[in-house]
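Worksheet for the structure shown next.
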Amino acid sequence: QKEVEQDPGPLSVPEGAIVSLNCTYSNSAFQYFMWYRQYSRKGPELLMYTYSSGNKEDGRFTAQVDKSSKYISLFIRDSQPSDSATYLCATRSGANNLFFGTGTRLTVIP
Amino acid sequence: SQTIHQWPATLVQPVGSPLSLECTVEGTSNPNLYWYRQAAGRGLQLLFYSVGIGQISSEVPQNLSASRPQDRQFILSSKKLLLSDSGFYLCAWSDQSNYGYTFGSGTRLTVV
């Protein structure tokens, strides 16, 4: 079983829509959860970082962690064409290395 | 502020040729350094990581090797490239807290 599972998509939405991106993970010891955004032919950039369960909001982005169901979500409100990218979830426990999902490719249509 | 440099951006190499990809970090000291490979539909695969000069940990057996000759320099090498070495190679760094990795812009390697 993979440490992190992520639906690869692709996901296509109209501009202004609310986007929901999701991952599941297998190890209950994971405590740190991240979302990265990767534009085509670029390196991933850290978008959101959360510790343990709960929500974290940053502008139009909300990261949500449900440790009871081992479920990670990223919500994008009022999506923009500039949000078109691949989104990768990642998680780790303690000082261990990150485990990444395979990424979900999102296209926001003007 | 911290920056990470990775080069070259693209590379086309024949099978059996050597490889050297370089990554340097500025604005920090004693970073943790990582080499990842990203294949389409397969996500990011950790190849090597280093917590200090000369300290290299390999995550998967392969045709590649890594070295860290200086605190902020990380090199990915191969003596003889295989077709299967093609991919998008990413260097990343983190501080000792491992808060979040900062990635370089990547090298797209095509072995022909």
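Values computed for the structure shown
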| read-out | value |
| --- | --- |
| Those strands (runs of 3 or more DSSP E) lying entirely in region A:34-110 with at least 3 residues free of Cβ contacts under 8 Å to residues at least 40 places away in the same chain | A:45-51, A:54-58, A:61-66 |
| Subset of region B:75-93 [within 14 Å of chain A (Cβ to nearest Cβ) and surrounded by 21 or more Cβ atoms within 10 Å (Cβ to Cβ)] | B:Y89, B:L90, B:C91, B:A92, B:W93 |
| Condition broken by B:E59, with the remaining ones in (1) surrounded by 15 or more Cβ atoms within 10 Å (Cβ to Cβ); (2) within 13 Å of the chain's Cα centre (by Cα); (3) of a type outside the set (A, V, I, L, M) satisfied | (1) |
| Subset of region B:75-112 (residues that are in a strand (DSSP E or B) and over 13 Å from B:L47 (Cβ atoms)) | B:W93, B:S94, B:T102, B:F103, B:R108, B:T110, B:V111 |
| Of residues in region B:47-56 being surrounded by 12 or more Cβ atoms within 10 Å (Cβ to Cβ) and farther than 10 Å from B:Y89 by Cα, the one farthest from the other protein chains (Cβ to nearest Cβ) | B:I53 |
| Qualifying residue in region B:9-20 (condition: modelled with pLDDT of 95 or more, in a strand (DSSP E or B), exposed (fewer than 14 other Cβ atoms within 10 Å of the Cβ) and away from every other protein chain (no Cβ under 12 Å)) | yes |
| Residue satisfying all of: in region B:34-45; surrounded by fewer than 19 Cβ atoms within 10 Å (Cβ to Cβ) and in a strand (DSSP E or B); modelled with the highest pLDDT among these | B:Q45 |
| Single residue of region A:93-110 satisfying the filter (surrounded by fewer than 21 Cβ atoms within 10 Å (Cβ to Cβ) and under 26 Å from B:D95 (Cα atoms)) that is farthest from the other protein chains (Cβ to nearest Cβ) | A:S93 |
| Of residues in region A:21-73 being aromatic (F, W, Y) and crowded, with 19+ Cβ neighbours inside 10 Å, the one nearest to B:S97 (Cα to Cα) | A:Y32 |
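Residue-wise test of (1) within 17 Å of B:Y36 (Cα to Cα); (2) touching a Ser or Thr at 6+ places or on another chain (Cβ under 6 Å); (3) among the polar types (S, T, N, Q).
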| residue | (1), (2), (3) |
| --- | --- |
| A:N27 | no, no, yes |
| A:Y36 | yes, no, no |
| A:S40 | yes, no, yes |
| A:M48 | no, no, no |
| A:T62 | no, no, yes |
| A:I72 | no, no, no |
| A:T91 | yes, no, yes |
| A:L98 | yes, no, no |
| A:I109 | no, no, no |
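The values are calculated or read from the model by the stated rules, or taken from the named source; none is laboratory data. What you see is a predicted model, and the numbers here were worked out from it, not measured in a lab. Note: ideal-geometry Cβ built from the backbone for every residue, glycine included; neighbour counts use all protein chains shown.
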